[in-house]
Amino acid sequence: MDIFDKVAKRMGPIGQHQKWSHGYFSFPKLEGDIAPHMNFRGKEHLVWSLNNYLGLANHPEVREADKQGATDFGMAYPMGARMMSGNSKYHEQMEQELAAFVGKPDAFLLNYGYQGMVSIIDCLVDRNDVIVYDAESHACIIDGLRLHMGKRFVYQHNDIDSARKQLERATKLVEQTGGGILLITEGVFGMSGAQGKLKELIELKKDFDFRLLIDDAHGFGTMGPTGAGTHEAQDCIDGVDVYFGTFAKSMAGIGAFVASTEELTNFFRYNMRSQTFAKALPMPMVIGLLKRLELLKNSPELRERLWNIATTLQNGLRERGFDLGVTNTMVTPVFLKGELLEATALTMDLRENYGIFCSIVVYPVIPKGLIELRLIPTAAHTLEDVQRTLDAFSEVSEKLKSGYYKENQFSMA
């Protein structure tokens with residue numbers, strides 16, 4: 001089969017018959033928190049797909065810090081990788097503050113979240129080591145696993161008995177290879193909203209010798225009494241050996257960090273290929289991140305607003321009979337029964353006729369016959385936004401049940 005034919009086959013009915021592009025959003029120039037209302041092809045839409053948990057994306061203090069960083073240093077500096085000519089006292093300050101905040105001795109700044117996790121895994125293990133990981137791990141973890149030259153065993157999602165069985169297999173193997181075991185999970189699973197069972201996994205250390213790496217992209221800044229992360233929320237900071245967080249969610253920025261012991265963090269500094277051979281984070285972003293972290297630590301009202309919106313939204317959806325799965329975080333998945341083309345028609349109806357934009361998740365990410373609409377509440381949303389969304393979801397749900405979306409398709413042009 002021709003390679004183009006293979007691609008067309010993989011794309012399925014949506015890719016073959018309709019445009020995938022959603023067009024372009026334009027962001028309003030506003031002071032204060034970035035509004036979750038955006039213009040899309042001349043129409044205003046309420047958006048539930050912004051990775052802006054604490055509303056910092058357009059916070060006036062953040063905007064001023066970003067501006068000042070660009071004014072003082074330009075967009076280019078520092079000119080080089082960190083271990084060569086790209087280091088600064090601001091990069092080091094950021095690392096020190098992050099380490100203290102998440103409860104680890106040291107931290108290392110990374111240019112990107114996705115790239116960072118891939119490179120952490122590549123750096124941390126060799127062919128003699130075994131990785132045990134959760135079945136619903138994020139794509140960045142899966143891509144990191146693909147670089148691993150040793151064995152890897154997957155356990156059923158958040159299933160401690162399954163994790164135990166895979167650790168037993170891993171233990172037998174490393175007894176032969178002389179390697180170690182790395183267990184990887186997430187703090188908050190971004191699709192389901194479920195927390196990783198960190199405390200239960202840590203309990204397994206009583207019976208097995210392994211190190212625990214958690215990807216807390218969604219938990220950093222949102223979970224725990226101070227926002228330090230899911231390991232703080234579950235009171236198990238010491239049991240997490242390697243903590244990974246990104247700036248793309250609660251910090252509304254670019255980049256990431258990994259935190260651990262001083263020895264391991266220094267090992268990362270000089271052995272992570274994606275950092276050793278890449279330009280350091282630009283100065284304006286680092287200056288802006290310092291301000292973001294300051295607000296995250298010292299403005300608990302931002303987290304309170306986020307959780308107020310999330311709780312009101314989730315309670316309202318459950319009261320109306322919607323299935324939210326197992327979420328116990330601010331991530332809000334809404335599961336409906338329907339086929340692929342119904343899913344696209346429903347989301348187009350929401351966008352074009354109700355002015356509401358949210359992410360759609362279908363097979364193969366979730367089983368066939370299911371539709372997931374994923375809502376990301378933020379501190380920038382209002383209770384009026386929540387009510388509007390509840391009313392719209394009730395209406396489109398009834399349309400779906402009646403077969404309306406089987407008979408009515410919407411152009412994606």
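Filter the cross-link list Lys43/Lys249; Lys89/Lys249; Lys89/Lys151; Lys151/Lys205; Lys67/Lys197; Lys104/Lys279 down to pairs whose alpha-carbon distance in this structure exceeds 29 Å. Walk me through the numbers before you get to the answer.
Details: Lys43/Lys249 26 Å; Lys89/Lys249 25 Å; Lys89/Lys151 40 Å; Lys151/Lys205 20 Å; Lys67/Lys197 41 Å; Lys104/Lys279 25 Å.
Violating the 29 Å Cα-Cα cut-off are Lys89/Lys151; Lys67/Lys197.
Where the accessible area of the range 215-280 is counted over protein heavy atoms with a 1.4 Å probe, how much of it, in %, is carbon and sulfur? Before the final figure, lay out each step's value.
Working: 1160 of 2200 Å².
Exposed carbon and sulfur together represent 52 percent of the surface.
Taking every DSSP beta bridge with both residues inside the chain, roughly what % is antiparallel (nearest 5)? Walk me through the intermediate numbers first.
On the way: 26 of 45 bridges.
So the antiparallel bridges in the chain amount to around 60 percent.
If you bin the C-alpha pair distances of the range 357-413 every 5 Å from 0, what whole percents do you get?
Result, from short to long distances: 4, 13, 18, 26, 21, 12, 6, 0 percent.
Report the residue, chosen from Gln275, Gln156, Gln166, that carries the largest GNM mean-square fluctuation when the chain is represented by alpha-carbon nodes joined by springs under 10 Å.
Most flexible of the set in this elastic network: Gln156.
Would you mind computing the Rg to Rh ratio of the range 258-303 from its alpha-carbon coordinates, Kirkwood style for Rh? It would help to have the intermediate numbers written out before the result.
Values: Rg = 14.4 Å, Rh = 12.9 Å.
When Rh is taken as the Kirkwood radius, the ratio is 1.11.
Can you give the three extents of the C-alpha atoms in the range 176-265 along their principal axes, from longest to shortest, in whole Å?
Projected onto its principal axes, the Cα set of the range 176-265 covers 45, 25, 23 Å.
Quick check: net charge around Thr246, other residues with Cβ under 11 Å of its Cβ, Lys/Arg +1 and Asp/Glu -1? Present the calculation step by step, with values, prior to reporting the outcome.
Values: positive: Lys249; negative: Asp215, Asp216.
The answer is -1.
Can you give the local net charge around Gly369? Use residues other than it whose beta-carbon is closer than 15 angstrom to its beta-carbon, Lys and Arg +1, Asp and Glu -1.
Values: positive: Lys337, Lys368, Lys401, Lys406; negative: Asp323, Glu339, Glu342, Glu372.
Surrounding charge for Gly369 is 0.
Please state the equivalent ellipsoid semi-axes for the range 257-413: what are the square roots of 5 times the Cα gyration tensor eigenvalues, largest first, in whole Å?
Working: eigenvalues 296, 90, 48 Å².
Semi-axis lengths for the range 257-413 are 38, 21, 15 Å.
Counting Lys and Arg as +1 and Asp and Glu as -1, what is the net charge of the other residues whose Cβ lies under 10 Å from the Cβ of Pro284? Intermediate results must be reported in sequence, preceding the final value.
Working: positive: Lys67; negative: Asp66, Asp72.
That works out to -1.
Just to make sure I understand: if all protein chains stay in place, what is the order of Lys291, Lys165 by accessible area at 1.4 Å, largest first? Before the final figure, lay out each step's value.
Numbers: Lys291 45, Lys165 125 Å².
Descending accessible area places them as Lys165, Lys291.
Two decimals, Cα atoms only, Kirkwood Rh: what is Rg/Rh over the chain?
Details: Rg = 22.2 Å, Rh = 22.8 Å.
Expressed as Rg/Rh, it is 0.98.
The values are calculated or read from the model by the stated rules, or taken from the named source; none is laboratory data. Nothing here was measured: the structure is a model prediction, and the numbers come from that model. Glycine gets a Cβ as well: all are built from the backbone with ideal geometry, and neighbour counts include every protein chain shown. To get the accessible areas, we keep the full protein, side chains included, count just its heavy atoms, and leave off ligands, DNA and RNA. Shrake-Rupley method; radii C 1.70, N 1.55, O 1.52, S 1.80 Å.
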